[in-house]
Amino acid sequence: MDLKVHINNIHGSQMAAKITGKFTIDGNEFRFNAIAFGRIGGQNIGAKISKNTEKELEKLGYDVEEVILVLQKNLLQGDLTLPEGLKKESFVDD
């Protein structure tokens, strides 16, 4: 699955942050929200998509759970693009 993630905005800190963005699959673009947590128990991200997005993905033949897992993996691994002016150092704790 070729899923690309683009972050629109991040609010918060290295401990916890709310992320808004979009992802594309096969030229189809969808929005998502996520909460990222750090330090306590390690890095963790919970991504959510709307019911309408779930229905669209199902119509396109995708497994919604698999899409969310790939989305979360990309977010955790930093496989994403950021808006101009936002640097990973502002929210990543290395």
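The values are calculated or read from the model by the stated rules, or taken from the named source; none is laboratory data. Because the structure is a prediction, the values reported are computed rather than measured. Please note: Cβ atoms are built from the backbone with ideal geometry, for glycine as well, and neighbour counts cover all protein chains shown. For accessibility, only protein heavy atoms count, side chains too; no ligands or nucleic acids. Shrake-Rupley method; radii C 1.70, N 1.55, O 1.52, S 1.80 Å.
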TODO: List every residue pair whose Cβ atoms sit under 6 Å apart, with the two residues 6 or more apart in sequence or on different chains, where the first one lies in region 11-39 and is in contact (Cβ under 8 Å) with a residue 40 or more places away in the chain and over 24 Å from E58 (Cα atoms) and the second, anywhere, is polar (S, T, N, Q) and open to solvent by less than 80 Å² (accessible area, probe 1.4 Å).
DONE: G38/Q14
TODO: Please work out which residue is least open to solvent (accessible area, probe 1.4 Å), limiting yourself to region 25-72 and to residues that are part of a loop (DSSP other than H, G, I, E, B) and out of contact with any strand residue (DSSP E or B) (no Cβ under 8 Å at 6 or more places or on another chain).
DONE: G42
Task: Answer residue from region 73-84, given it is surrounded by fewer than 12 Cβ atoms within 10 Å (Cβ to Cβ) and of a type outside the set (V, I, T) and is farthest from the chain's Cα centre (by Cα) among those - done: E84
TODO: Identify, from the list T20, T24, T53, T81, the residue that is modelled with pLDDT of 90 or more and touching a Lys or Arg at 6+ places or on another chain (Cβ under 6 Å).
DONE: T24
